[in-house]
Amino acid sequence: MLVVMQQGATEAQIQRITARLIEDGFNVHRSTGAIHTVLGGVGGIDDFDTGVVEVMEGVKEVHRIVSPYKLASRGFRPQGTVVKIKDVEIGGGSVVVMAGPCSVESHDQIERAADIVADGGAKVIRGGAFKPRSSPYSFQGLGEVGLKLMREAADRRGLLVISEVMDSTQIPLLSAYSDILQIGARNMQNYNLLRDLSHIRKPVLLKRGIAATIEELLLSAEYIMSGGNYEIILCERGIRTYETYTRNTFDISAIPVIHKLSHLPMVADPSHGVGRRDLVPSMARAAVAAGADGLLMEVHHDPDHALSDGAQSLFPGQFAELMPQLRTIASAVGRSL
């Protein structure tokens, strides 16, 4: 249930509504916009009479939410959510590019990656310190050493850091080094991890699972929001279909659909979406045209010798050539980059 307060409603009126909802078994989440305050009531009794709240002072209107995701729905925050990290805003007027290698391999590699990323105009460097690999014999990452190397490289070039957290025990460590914690596709429905992330105040990038519906993605976001962490960035990274030519099927349509259903910013990962560097630029351009709030791309100074995902990592020259093209497309759809 959503309770939209009148413009100019007093804090005392808001607190009275909140207290009444709590009394009837609701967990109350507050969203304060430029004009109206919205109270999201989750849970409560099934036959609750909304008219009881509608007549209370300060209330503009009350809506029952039939979708299973209450806090992630567009109605909870109609103006949209902008995730602000230092001077970077994700979900605002700019398309934010996050780029870097699949995994941190060495000091030299991540330092060179930071130069490539910053020179191209990206705001965030990506890189995995802990890598969830399909084979137990593949490179698994450098752990805390990798995080430290990436943090130092990012600070040298004024970049933010995003890296993947694989289980709850890693949250404190990742939080110490990363500005954004990434939830990979394999963990989208790791509900224990999502619950633990709901209690921290750190931006979380949530990737769509390889066979997840859009509703399931939003329900996973709901787990994080239900604990009070609203700093969530959703990510389309391709889903598994019958097609085998590309690594996954990059669902471009998910971008405008998410924007219609949810207030959360939506970014795209064309590298994992297709798994082939020759197709990544086309999909990146298409994602920006479709309204993506950001891009997550893999770039490596020497992809042919990368320890993971070399085939989908852009060469430095490709990345440098792509960024001006993305700026042109962003401008055409009323955004900046």
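Here are some notes:
- All positions within the stretch 203-241 that are polar (S, T, N, Q), out of contact with any Gly (no Cβ under 9 Å at 6 or more places or on another chain) and touching a residue at least 12 places away in the same chain (Cβ under 8 Å): SER226, ASN229
- Residue selected from the stretch 151-193 under the condition of a type in the set (Asp, Glu) and modelled with pLDDT of 95 or more, by the criterion nearest to ASP119 (Cα to Cα): ASP155
- Members of the stretch 321-337 that are among the β-branched types (Val, Ile, Thr) and touching a residue at least 24 places away in the same chain (Cβ under 8 Å): ILE329, VAL333
- Only one of the listed residues (GLY100, GLY75, GLY44) is closer than 30 Å to VAL288 by Cβ, touching a residue at least 40 places away in the same chain (Cβ under 8 Å) and not assigned by TED's automatic domain parsing to the domain that holds ALA290. That residue is GLY75.
- Subset of the stretch 82-109 (residues that are of a type in the set (S, T, N, Q) and crowded, with 16+ Cβ neighbours inside 10 Å): SER94, SER103, GLN109
- Residues in the stretch 268-308 that are over 17 Å from CYS102 (Cα atoms), buried (at least 19 other Cβ atoms within 10 Å of the Cβ) and among the polar types (S, T, N, Q): there are none.
- Applying the criterion of being among the small types (Gly, Ala, Ser) and crowded, with 24+ Cβ neighbours inside 10 Å to the residues of the stretch 221-253, the residue that is farthest from GLN189 (Cα to Cα) is GLY238.
- Total residues in the stretch 289-336 satisfying the condition of being at pLDDT 95 or above and assigned to a loop (DSSP other than H, G, I, E, B): the figure is 12.
The values are calculated or read from the model by the stated rules, or taken from the named source; none is laboratory data. What you see is a predicted model; the values in this text were computed from it and never measured. Cβ atoms come from the backbone with ideal geometry, glycine included; neighbour counts cover every protein chain shown.
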